[in-house]
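Comments concern the structure below.
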Amino acid sequence: MVKNSILLASDEPMYSRWWRLCLEEEGLQVESSTIKELLKRPPTGPFYLVIIDIYRTWDKGLKLCAQLHPDKRVPTLLMTYMSAEPEQLKAYEAGADDCIIKPLTPPLFIAKVKAWLRWIHPEALERRDSLQVDGFHLDAARRILKTADGAAVRLSKLEFRLLHLLMRHPGQPLDWQTLIDQVWPPNVEHSQAAVKNLVYHLRRKIEPDPTRPRYLQKEADAYLFMGGRYHPAEEETQ
């Protein structure tokens, strides 16, 4: 982790210290400040994640969220007791990427933070190395797949995450729910259809004939990357 990788802003110093301790016990680096102070002097960063913890100053918390929103590369999590839908909608309109309703336990708080770090900046928690599987080379730094026939294919972020996960487990079927949990953002609901659609677009990029896939295959409700270990299977379109 780099220095000051998480910014924690709160309007209650006692709880700010508590949440900071929870994060630091997980080995995460944290810079904490008050909402009032950050409204006067914006943070300099760099940060992986911003957490705004609101207890009393709802309007000021939303104002800070909106103030930080232009840097869309850094997700903002807003913690609040305001559980009604209109208040949550206001939080998202102000720029929050996720609205976390209190009270919540420290393990759930840590799980939510780590889920966002895995999605936005996987290097913060895990090494996402380049991969070599049966003549296929996945360049993690540039999100480019070099196929067995030498073609270079540029991948979207979701396509890269899906293919990286499958190539880490070559020949092993991974069910659609596992793919949803590890490929999509943590606060977005998706269905099996979303996986099918992403696989469809990925096949169009890497398969010689996307209608008769050789490398990215399906078994029941699971998908697997075969690489050079292709063997004929039952025909399927998605």
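Quick look at the values:
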{"item": "Selected residue (criterion: nearest to C65 (Cα to Cα)) from residues of the stretch 97-111 that are free of Cβ contacts under 8 Å to residues at least 60 places away in the same chain and not in a loop (DSSP other than H, G, I, E, B)", "result": "C99"}
{"item": "Those residues of the stretch 8-44 which are loosely packed, with under 14 Cβ neighbours inside 10 Å and among the small types (G, A, S), in sequence order", "result": "G27"}
{"item": "Every pair of residues 6+ apart whose Cβ atoms lie under 6 Å, when the first sits in the stretch 195-217 and is closer than 12 Å to L162 by Cα while the second is among the acidic types (D, E)", "result": "L202/E159"}
{"item": "When residues of the stretch 56-78 are limited to those that are of a type in the set (V, I, T) and within 24 Å of the chain's Cα centre (by Cα), the one modelled with the lowest pLDDT", "result": "V74"}
{"item": "Elements of type strands (runs of 3 or more DSSP E) in the stretch 5-86, at least 2 residues being farther than 22 Å from L108 by Cα and either in contact with a strand residue (DSSP E or B) (Cβ under 8 Å, 6 or more places away or on another chain) or not assigned by TED's automatic domain parsing to the domain that holds P103 (or both)", "result": "30-34"}
{"item": "Residue satisfying all of: in the stretch 87-96; over 12 Å from I51 (Cβ atoms) and not in a helix (DSSP H, G or I); modelled with the lowest pLDDT among these", "result": "G95"}
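The values are calculated or read from the model by the stated rules, or taken from the named source; none is laboratory data. From a predicted model like this one, the values you see are computed outputs, not experimental measurements. Positions of Cβ are generated from backbone atoms using ideal geometry, with glycine treated the same way; all protein chains shown enter the neighbour counts.
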